[in-house]
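The values are calculated or read from the model by the stated rules, or taken from the named source; none is laboratory data. What you see is a predicted model, and the numbers here were worked out from it, not measured in a lab. Cβ placement follows ideal geometry from the backbone for every residue including glycine, while neighbour counts extend to all protein chains displayed.
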Amino acid sequence: MARGLGFCSALEMALKLAQCCQVVPTPYSGADFLHGPIASISPGFPCFVFAPNGNSLQSMSELTQALEQREAETIVISNNSQMLERATISFQLPDMPEELAPMVDVVAGQLFSLHLGLHKGIDPDKPRGVSKVTLTL
């Protein structure tokens, strides 16, 4: 989950989790998530939260609070020390403007997907049913 430019990272991470780990994640805007899907959260449910410093931080902090109240497992990707301290699992980003954060935080999502896939015994270079080459005519 993310807001603003960070939503691109949530979309990319969901794609990589599906490709490398054979799971079906659903990326959400933090605002959209609060309007229904949050009802599906039960204790221990894993929720990835992209929360870089900047305009979207406050709303992602509020979303994280709602996840904490439901005892979700929060995996936070951020450069904000307060957000990282609240996380069940944290990935610290370097300090940078919010506009640049997707170029770095997406790498954390890709690496997580890679290692989870490898842990599950899935070859990330040969994802099931995926062609690495797309022809455009």
- [ ] Could you grab me the full set of residues in the stretch 63-114 that are more than 18 Å from E12 (Cβ to Cβ) and among the small types (G, A, S)?
- [x] A66, A72, S81, A87, S90
Task: Conditions (1) under 13 Å from the mean Cα position of the chain (by Cα); (2) closer than 16 Å to A2 by Cα; number of the one not met by A31 - done: (1)
Open item on the list: Could you check the stretch 82-137 and list, in sequence order, the residues that are closer than 23 Å to G4 by Cβ and among the hydroxyl-bearing types (S, T, Y)?
Closed with: S90, S113
Task: Residues that are loosely packed, with under 15 Cβ neighbours inside 10 Å and at pLDDT below 95, drawn from the stretch 65-102 - done: I89, P94, D95, P97, E99, L100
